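> Here it is, the structure, as structure tokens.
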Amino acid sequence: MTIRVAMWSGPRNISTAMMRSFGERADTVVVDEPLYAHYLDVTGIDHPGRDAILASQPRRWQDVAAALTGPLPGDPAVQYQKHMTHHLLPGIGRDWLRGLTHAFLIRDPAHVVASYARVRGEPTLEDLGFPQQAEIFAAYGGPVVDAADVLRDPAGTLGRLCAALGIAFDPAMLTWAPGPRPADGVWAPFWYDAVNASRGFAPYDPRPAAVPDRLAHLVEAARPYYAELAGHRLV
């Protein structure tokens, strides 16, 4: 039976590198942000490549849920689903989520806000997905890994994550060839340059985040949600 791992992350994390890591496993297929088109369709938000995204995926969440929980060609041991927490809109039913094995990738909100501000100037708390991540964790639980821990010790942190998911750690997860992958979403040309140039996880950078003063309140608003999940992280 396929283990369907739903990895829930906010934006400006190492979520694409994690998808690359799991994609290097011979027993795993990956799915890149399958609810993105639904999110754009319902919210009307204009993201780079919007029209191409809407054309590339089902817009109905029910169709996405059916694909993520239905039969898979080749019956792989693992399906890794890369999800953005803010894509799980309130109008999406939750029953289908019970069939997934949930995991959570978190990052200190100061670094998230600083990074996001360089891309979109005025994010909201909902844009960053911290409340949604806490909601999903409260409902379904699952292992939590911090991006900083992954970068400090990729082998150790991924080993603990795999053990918690009930799968064997594969050293192939630590490196990958640069370049795009067929499973990448059509938005990859706008967002994946750094990971496409990489050969593995970037070294950990201990420098504090440079948060614009106007967004300091956002960091403080996000911190309780981050702390809630960080208290459960695998160490």
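The values are calculated or read from the model by the stated rules, or taken from the named source; none is laboratory data. All values derive from a computational prediction rather than experimental measurement. A quick note on method: Cβ atoms are made from the backbone with ideal geometry, for glycine too, and the neighbour counts reach across all protein chains shown. We work out accessible area using only protein heavy atoms, side chains counted, and drop any ligands, DNA or RNA first. Shrake-Rupley method; radii C 1.70, N 1.55, O 1.52, S 1.80 Å.
> Taking the residues in segment 5-30 that are among the β-branched types (Val, Ile, Thr) and more than 16 Å from VAL195 (Cα to Cα) as candidates, determine which candidate is least open to solvent (accessible area, probe 1.4 Å).
Looking only at segment 5-30, we keep the residues that are among the β-branched types (Val, Ile, Thr), and these are 5, 14, 16, 28-30.
Filter again for more than 16 Å from VAL195 (Cα to Cα), leaving 5, 28-29.
Numbers: VAL5: 0, THR28: 17, VAL29: 62 Å².
By that ranking, first place goes to VAL5.
> Considering GLY179, GLY200, which residue is in contact with a strand residue (DSSP E or B) (Cβ under 7 Å, 6 or more places away or on another chain), under 21 Å from GLU24 (Cα atoms) and surrounded by fewer than 18 Cβ atoms within 10 Å (Cβ to Cβ)? Walk me through it before giving the result.
Details: GLY179 fails: in contact with a strand residue (DSSP E or B) (Cβ under 7 Å, 6 or more places away or on another chain).
On inspection, the qualifying residue turns out to be GLY200.
> Still on this structure, please answer the following. Within the set of pairs 6 or more residues apart or between chains, which connect a residue that is open to solvent by less than 10 Å² (accessible area, probe 1.4 Å) inside segment 137-159 to a residue that is polar (S, T, N, Q) with Cβ atoms less than 6 Å apart?
Partner pairs satisfying both residue conditions: VAL145/THR157; ALA147/ASN13; VAL150/THR157.
> Separate question: Of everything in segment 117-160 that's more than 17 Å from the chain's Cα centre (by Cα), at pLDDT below 95 and hydrophobic (A, V, I, L, M, F, W, C), which residue is farthest from ASP46 (Cα to Cα)?
Checked segment 117-160; the qualifying residue farthest from ASP46 (Cα to Cα) is ALA117.
> Within segment 105-150, which residues are β-branched (Val, Ile, Thr) and in contact with a Pro (Cβ under 9 Å, 6 or more places away or on another chain)? Break it down into steps so the answer makes sense when it comes.
Step one: list which residues in segment 105-150 are β-branched (Val, Ile, Thr), which gives 106, 112-113, 119, 124, 136, 144-145, 150.
Within segment 105-150, VAL112, VAL113, VAL119 qualify.
> For ASP127, which of the numbered conditions (1) without any contact (Cβ under 8 Å) to a residue 24 or more places away in the chain; (2) open to solvent by 20 Å² or more (accessible area, probe 1.4 Å) fails to hold?
Tallying (1) without any contact (Cβ under 8 Å) to a residue 24 or more places away in the chain; (2) open to solvent by 20 Å² or more (accessible area, probe 1.4 Å), ASP127 fails exactly one: (1).
> Select, from SER115, SER56, the only residue that is surrounded by fewer than 20 Cβ atoms within 10 Å (Cβ to Cβ), among the polar types (S, T, N, Q) and closer than 30 Å to ARG207 by Cα. Break it down into steps so the answer makes sense when it comes.
On the way: SER56 fails: closer than 30 Å to ARG207 by Cα.
None of the others qualify; the one that does is SER115.
> Taking segment 88-131 on its own, how many of its residues are touching a helix residue (DSSP H, G or I) at 6+ places or on another chain (Cβ under 7 Å), more than 23 Å from ARG214 (Cα to Cα) and assigned to a helix (DSSP H, G or I)?
The qualifying residues number 3.
> OK, next. Would you point out which residue out of VAL195, VAL219, VAL211 is closer than 30 Å to GLN79 by Cα and either open to solvent by 70 Å² or more (accessible area, probe 1.4 Å) or of a type in the set (A, V, I, L, M) (or both)?
Values: VAL219 fails: closer than 30 Å to GLN79 by Cα; VAL211 fails: closer than 30 Å to GLN79 by Cα.
Step by step, each of VAL195, VAL219, VAL211 is checked, and only VAL195 is closer than 30 Å to GLN79 by Cα and either open to solvent by 70 Å² or more (accessible area, probe 1.4 Å) or of a type in the set (A, V, I, L, M) (or both).
> Out of the residues in segment 182-192 meeting the condition of being touching a strand residue (DSSP E or B) at 6+ places or on another chain (Cβ under 9 Å) and closer than 15 Å to SER21 by Cβ, tell me which one is surrounded by the fewest Cβ atoms within 10 Å (Cβ to Cβ). Steps first, please.
Just the residues of segment 182-192 that are touching a strand residue (DSSP E or B) at 6+ places or on another chain (Cβ under 9 Å), to begin with: 183-185, 187-188.
Going one step further and asking which of them are closer than 15 Å to SER21 by Cβ, we end up with 183-184.
Details: ALA183: 15, ASP184: 21.
Among those residues, the one meeting the criterion is ALA183.
> Now for a different question. Working only within segment 63-109, note down all residues that are among the β-branched types (Val, Ile, Thr) and open to solvent by 30 Å² or more (accessible area, probe 1.4 Å). Explain how you work it out, then say what you get.
As a first pass, look at segment 63-109 and keep what is among the β-branched types (Val, Ile, Thr): 64, 69, 78, 85, 92, 101, 106.
Selection gives THR69, THR101.
> Taking VAL31, is it farther than 15 Å from THR85 by Cβ, under 16 Å from the mean Cα position of the chain (by Cα) and at pLDDT 95 or above? Write out each step before concluding.
On the way: farther than 15 Å from THR85 by Cβ: yes; under 16 Å from the mean Cα position of the chain (by Cα): yes; at pLDDT 95 or above: yes.
Judged against the criteria, VAL31 is a match.
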